[in-house]
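Encoded as structure tokens, here's the structure I'll be asking about.
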């Protein structure tokens, strides 16, 4: 059995490599297809399509006994070669394939199909041989395990999961931050190469049990497979990935939206699957077979566990906050998220994870051609996984929401489990299964509805309640797969009330204290805009910034917003803030990812302004990378300006510098403003001098453009004085900092910025002091034809006014 143990270790390496590769696919494709739940569902569906083709291909073409014995190392070598090729072409993939998607602009179905086609071109060459590795290693184990093969298959499955768990944990903590996407692919290729090499050694030292002449019955790969096994394999895949998509969606709202929170959720699920597989070995021991009703019983147990955890989802944010509030290090803080995710997901994932490996140990599993049968079960299981991912991402969650979707999946699991038991058992076992199924369905139907205020409290974001108020009134609740859960709450403190906008419990804007910053986001870059023909606003929020852009006189304004819930909130709850900007005749709403708008459309702009969510949200780094700035620059007209909000709180100097350096790598002139406690990056390819007509436009806006000042001249002076770092300061920052520019390849911000969320010290003050140390505070320059009032306002700006503007003593 030493050979089996070695094969198990090698298959663990294969599992780790596969998990790393799958995550690289998701991150790389998010720059082209977006980072929403439907986009991820497309990636997962194509991924499992490849596994399906691989499993079916092995069954179809793996007839020769000798060929089957050596297939596993050959397939691992093929996966390794594919990973190396992907790493080599990494930087060229998006520029090469983006033009292919142009035909789908404005046609959602066509665009989705084109995205799926491009994803298939990238993913299938690796996942097809991946899909054949499990049946291939089954045949390899057959050569060394003999009659112990059923238990060996379970062990191989468990070890593969163990490798995936290790990669899930080490990926965000060590591998991706240090090696980047390309380095992770090279590492995955190395793991697959090791697996292939040692498998060759093991198989070369193992004598063949028989050859084709002596055992013709084992030479065929077309052994009949029970339809019941195929149905159960597909059903377990469907249920598991429907739940994974639902849990990923829910986890963003109640556990966290960073890559580490996602890893906590995924690790909990994989540990559950591994525990379920190991449990089968403990319970059934060395028996050659398990009872035929065992897989159906596992589905019933999964349904019961799922019904048991369902009422606790609204309590998760508070539980995360309570456990993480005492964290002293980043690791302790993330362990708090993991512990809560583990408690919520371990039982249902273990039960559902038990069902699939049990299929390989039931009496109806053929004793001959085991590898080809394993290939068939792998294929239909992968089909179920893809179907569950697509159905949940595109149908169940959008139409039913996460609460009802989970209840529906409980009912499906209970029903299928009861039917599977009833078809394979009699007497007490059958009656018990039917009674258990009926009880589970009754419980889940009668459970009370979730408390939406608790569900969206956002306590998990910074491990504390966001606001200490007298009352909270939920005005709007919108759930979709593009933007998660969007809420509008009316918060009351004494006699004061304000409306707040949240995404997955994270603050996005309000109609009170953030008004000055939301106005400045639009005004700061327009100091330097020369033409006012067309503007693009990425990220709608409350709509205040978009309204300022419109009021400043742009002939046409495009607004890119991916979340329908944000659009609904801006259109209804914050209409008094944005003056109905979405209904303005010169405003066009594009319900699309901002990067995709720039990548796929041919429009060019005089101003591109971004105000998206925090940089530590998984996927947000796509709009802070050097590659994004290159795309944005290509869409700016001569004299065009880019503006981008960058948080100066809950982050560090290295992360701020990473954004500035990435922008400076593409734009010749980059500056940093500080207004209303927020950072504003302004980038252009022409010198940043105040353009003629700016003062007149501010005066035409009236009170909306005054930034709290008493007159337009004071407002202009205050805005100019808020420039913390001038372009020459950014050049110096480039030469003195050790920070690395954020890129699609290293995704530095995605892994570095979440580390500050648990911090309770005043990071904003620390960052300002560090930035002031390199600031020279040069006075802003203006074109010679700027009106006298604006010239006089700029002349009032001194070093002292700069320091006062950023809250430092003169």
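FYI, it's all coordinate maths here, none of it is from the lab. These figures come from a predicted structure and were not determined experimentally. So basically every Cβ, Gly included, is an ideal-geometry build from the backbone, and we count neighbours across all protein chains shown.
Semi-axes, largest first, in whole Å: what does sqrt of 5 times each Cα gyration tensor eigenvalue give for the stretch 332-419? The partial results should precede the final answer.
On the way: eigenvalues 168, 74, 38 Å².
For the stretch 332-419, the ellipsoid semi-axes come out as 29, 19, 14 Å.
Given a cut-off of 23 Å, what percent of all Cα-Cα pairs of the stretch 585-682 lie beyond it? Mind showing how you got there, number by number?
Numbers: 1113 of 4753 pairs.
Taking all Cα-Cα pairs of the stretch 585-682, the fraction more than 23 Å apart is 23 percent.
Also, I was wondering about something else. Using the per-residue mean of other Cβ atoms lying within 10 Å as a proxy for protection, in what order, highest first, do the peptides 683-691, 316-324 fall? Walk me through the numbers before you get to the answer.
Working: 683-691: 19.2, 316-324: 21.2.
Result, highest mean Cβ count within 10 Å first: 316-324, 683-691.
Same structure, new question: Sort 411-422, 728-739 by packing, meaning the average of other beta carbons within 10 Å per residue, with the highest value first.
On the way: 411-422: 22.8, 728-739: 14.8.
So the peptides 411-422, 728-739, ranked by packing, come out 411-422, 728-739.
Also: Helix-only mean residue ellipticity at 222 nm, the chain, DSSP H runs n ≥ 4 weighted -39,500 (n - 2.57), per residue, nearest 500. What is it?
Numbers: 31 runs with 482 residues, N = 810.
After summing the helix terms and dividing by the residues of the chain, the value is -19500 deg cm²/dmol.
Further question: So, in Å, what gap is there between the alpha-carbon centers of the stretch 430-471 and the stretch 640-694?
43 Å
Can you run the Rg to Rh ratio on the stretch 1-208? Use alpha carbon positions and the Kirkwood inverse-distance Rh. Let's see the in-between values first.
On the way: Rg = 18.0 Å, Rh = 17.7 Å.
The Rg/Rh ratio comes out at 1.01.
Using only the alpha carbons of the stretch 694-753, what is the convex hull's orientation-averaged projected area in square nanometres?
Details: hull surface 26.5 nm².
Over every viewing direction, the Cα hull of the stretch 694-753 projects on average to 6.6 nm².
Okay, moving on. State the dimensionless ratio Rg/Rh of the chain (Rg: radius of gyration of Cα atoms; Rh: Kirkwood radius). Provide the component values of the computation, followed by the final result.
Working: Rg = 28.9 Å, Rh = 28.2 Å.
Taking Rg over the Kirkwood Rh, I get 1.02.
Here's a follow-up. Before anything else, pin down the relative contact order of the stretch 460-527: Cα pairs under 8 Å, at least 6 apart, normalised by residue count, whole percent.
Details: 89 pairs, mean separation 14.2, N = 68.
Result for the stretch 460-527 is 21 percent.
Which percent, to the nearest 5, of DSSP beta bridges fully inside the chain are antiparallel? If you can, show how the numbers build up before the last one.
Numbers: 36 of 55 bridges.
Bridges in the chain that DSSP calls antiparallel: roughly 65 percent.
While we're on this one: Based on alpha-carbon centroids, what's the gap between the stretch 291-359 and the stretch 565-624 in Å, whole number please?
36 Å
Quick one: give the max-minus-min coordinate of the C-alpha atoms of the stretch 222-451 along each principal axis, largest first, in Å.
56, 36, 34
Could you work out how far helix 259-284 tilts from the main Cα principal axis of the chain, as a 0 to 90 degree angle to the nearest 10?
For 259-284 against the chain, the angle is about 10 degrees.
Take the Cβ-Cβ distance between residue 121 and residue 475 as r, set R0 to 45 Å, and report the resulting FRET efficiency rounded to the nearest 0.05.
On the way: r = 45 Å, r/R0 = 1.00.
E between residue 121 and residue 475, to the nearest 0.05, is 0.50.
While we're here: Using only alpha carbons, build the gyration tensor for the stretch 452-508 and give me the equivalent ellipsoid semi-axes, biggest first, whole Å. All intermediate terms of the calculation are to be shown ahead of the outcome.
Values: eigenvalues 74, 35, 14 Å².
After scaling each eigenvalue by five and taking roots: 19, 13, 8 Å.
Taking neighbour Cβ counts within 10 Å as the exposure measure, how do 515, 265, 181 sort from fewest upward? Mind dumping the intermediate values first?
Numbers: 515 18, 265 26, 181 22.
So the residues, fewest neighbours to most, are 515, 181, 265.
Using Cβ contacts closer than 10 Å as the measure, can you line up 53, 165, 6, 608 from fewest to most? Don't skip to the answer; put the middle values down first.
Numbers: 53 18, 165 22, 6 15, 608 27.
Fewest-to-most Cβ neighbours within 10 Å comes out as 6, 53, 165, 608.
Separate question: Please state the relative contact order of the chain as a whole percent: Cα pairs under 8 Å, 6+ residues apart?
Details: 1608 pairs, mean separation 108.5, N = 810.
For the chain, the relative contact order is 13 percent.
Quick check on the stretch 567-633: take the gyration tensor over C-alpha atoms, sort the square-rooted eigenvalues as a ≥ b ≥ c, and tell me if it's rounded (a/c under 1.5), prolate or oblate. List each step's numbers first, then the result.
On the way: a/c = 2.49, a/b = 1.45, b/c = 1.71.
It comes out oblate by the Cα gyration axes.
I'd like the per residue volume of the convex hull spanned by the Cα atoms of the stretch 659-810, given in cubic angstrom. Can you show the working numbers first?
On the way: hull volume 20.9 nm³, N = 152.
Measuring per residue, one finds 137 Å³ for the Cα hull of the stretch 659-810.
Here's a follow-up. Over the stretch 509-776, what number does the Rg to Rh ratio reach, with both radii from the alpha-carbon atoms and Rh per Kirkwood?
Working: Rg = 17.2 Å, Rh = 18.4 Å.
Using only Cα positions, Rg/Rh for the stretch 509-776 is 0.93.
In percent, how large is the relative contact order of the stretch 1-208, given Cα pairs closer than 8 Å and 6 or more residues apart? Walk me through the intermediate numbers first.
On the way: 253 pairs, mean separation 100.0, N = 208.
Relative contact order comes out at 48 percent.
Using r as the Cβ-Cβ distance of residue 98 and residue 438, and R0 as 45 Å, what FRET efficiency do you calculate, to the nearest 0.05? Display every interim value, and only then the final one.
Values: r = 53 Å, r/R0 = 1.18.
In this case the efficiency is close to 0.25.
Also, I was wondering about something else. How long is the gain from residue 328 to residue 785 if the chain were fully straight, where each residue apart is worth 0.36 nm and the alpha carbon distance is subtracted?
Values: separation 457, 0.36 × 457 = 164.52 nm, distance 5.60 nm.
Result: 158.9 nm gained on full extension.
Still on this structure, please answer the following. Could you quote the convex hull projected area for the stretch 413-529, Cα atoms only and averaged over all directions, in nm²?
12.7 nm²
Please give the length that would be gained between residue 430 and residue 634 if that part of the chain were fully extended, namely 0.36 nm times their separation in residues minus their C-alpha to C-alpha distance (nm, one decimal). Display every interim value, and only then the final one.
Numbers: separation 204, 0.36 × 204 = 73.44 nm, distance 6.64 nm.
Gain in length upon complete extension: 66.8 nm.
Taking 0.36 nm per residue of separation and subtracting the Cα-Cα distance, what length does fully extending residue 689 through residue 453 add?
Numbers: separation 236, 0.36 × 236 = 84.96 nm, distance 4.75 nm.
Full extension of this stretch gives 80.2 nm more.
Let me ask something else about it. Using packing as a proxy for protection, rank 340-346, 426-432 so that the peptide with the highest average count of other Cβ atoms within 10 Å comes first. Walk me through the numbers on the way to the answer.
Working: 340-346: 22.3, 426-432: 12.0.
Highest mean packing first, the order is 340-346, 426-432.
Assuming R0 = 41 Å, can you tell me the calculated FRET efficiency for the pair residue 772 and residue 583, based on Cβ-Cβ distance, to the nearest 0.05?
Values: r = 43 Å, r/R0 = 1.05.
So, using R0 = 41 Å, E works out to roughly 0.45.
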